[in-house]
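Here the structure comes first, spelled out in structure tokens, and everything after it is commentary.
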Amino acid sequence: MRKLFGLTLLIAGLILAMSAGANFRYYEADRTVTVAVVSDDNEFIDLTPTQPYAYLNNGKLTIELSSNNANYNETLGFGLGLSPDTIYVFEEMFNVSNELWENNETAYPICVTISSNSNNLFLFTGEYNESATYGTQIQFTVNHGSPVQVGMIFNSYGLGLGPQSAQMSISAAAGACS
């Protein structure tokens, strides 16, 4: 009986020794996270309208080429829309700024990707010329304190009269684009 008790005690000791090893398995804690949701022109990755056709709508960047535009002024015009079967190029529709780590001695770049879900809406950075790179998806690096201008090309060939809409998706990651 002593051997059985001793063996049981030895096994219990081995189990305790193995479970107290260096392998960490689980930890649970409750913490508070506070996040402020702000408009596109006040966030860490700042989207600032620079054309009258671009404006903030409930804090979100909106591009509107119609009389529904919040900046539309009948006296100044700004047009009611696009002509059929034409291509319009707008430089500097909005700026993308990197406001991350602004109080840090080392400011890091961000890689921004902007995509359009329409084959009639193209994006580019900087000034437009015949050799400019544009597409339905663009990627560029934004350094702290150096906003990047984003332009848009609207192609209305083959589109019927009436409202047209497209979605843009904007994402960013820390570090320069490769």
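Hey, any hits in the range 60-78 for a residue that's part of a strand (DSSP E or B), farther than 16 Å from P163 by Cα and either among the acidic types (D, E) or at pLDDT 85 or above (or both)? Step through it out loud before you land on a result.
Initial filter on the range 60-78 (part of a strand (DSSP E or B)): 60-63, 73, 77.
Keeping just the survivors that are farther than 16 Å from P163 by Cα gives 60-61, 73, 77.
Checking which are either among the acidic types (D, E) or at pLDDT 85 or above (or both) leaves us with 60-61.
Yes.
Kindly establish whether D85 is under 29 Å from the mean Cα position of the chain (by Cα), modelled with pLDDT of 65 or more and surrounded by 10 or more Cβ atoms within 10 Å (Cβ to Cβ). Spell out the reasoning first.
Working: under 29 Å from the mean Cα position of the chain (by Cα): no; modelled with pLDDT of 65 or more: yes; surrounded by 10 or more Cβ atoms within 10 Å (Cβ to Cβ): yes.
Answer is no for this residue.
Does any residue of the range 33-54 turn out to be over 21 Å from F140 (Cα atoms), surrounded by 14 or more Cβ atoms within 10 Å (Cβ to Cβ), at pLDDT 75 or above and not small (G, A, S)? Spell out how you get there, then give the answer.
Let us first name the residues in the range 33-54 that are over 21 Å from F140 (Cα atoms), namely 33-39, 52-53.
Now restrict to residues that are surrounded by 14 or more Cβ atoms within 10 Å (Cβ to Cβ): 39, 52-53.
Within this subset, residues satisfying the condition of being at pLDDT 75 or above are 52-53.
Keeping just the survivors that are not small (G, A, S) gives 52-53.
Yes, that holds for at least one residue.
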- Message: Against the condition over 21 Å from D85 (Cβ atoms), of a type outside the set (D, E), modelled with pLDDT of 90 or more and in contact with a Ser or Thr (Cβ under 8 Å, 6 or more places away or on another chain), how does T113 come out, does it pass?
- Response: yes
- S131, sole failed condition from (1) loosely packed, with under 15 Cβ neighbours inside 10 Å; (2) within 21 Å of the chain's Cα centre (by Cα): (2)
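Looking at the range 150-163, which of its residues are in a loop (DSSP other than H, G, I, E, B) and either on the phi > 0 side of the Ramachandran plot or in contact with a Ser or Thr (Cβ under 8 Å, 6 or more places away or on another chain) (or both)? Show your work before the answer.
Keep residues of the range 150-163 that are in a loop (DSSP other than H, G, I, E, B), which gives 156-163.
S156, Y157, G158, G162, P163 - these are the residues of the range 150-163 that are in a loop (DSSP other than H, G, I, E, B) and either on the phi > 0 side of the Ramachandran plot or in contact with a Ser or Thr (Cβ under 8 Å, 6 or more places away or on another chain) (or both).
The values are calculated or read from the model by the stated rules, or taken from the named source; none is laboratory data. None of these values were measured; they are calculated from a predicted model. Ideal geometry is used to build each Cβ from the backbone, glycine not excepted, and the neighbour counts take in all protein chains shown.
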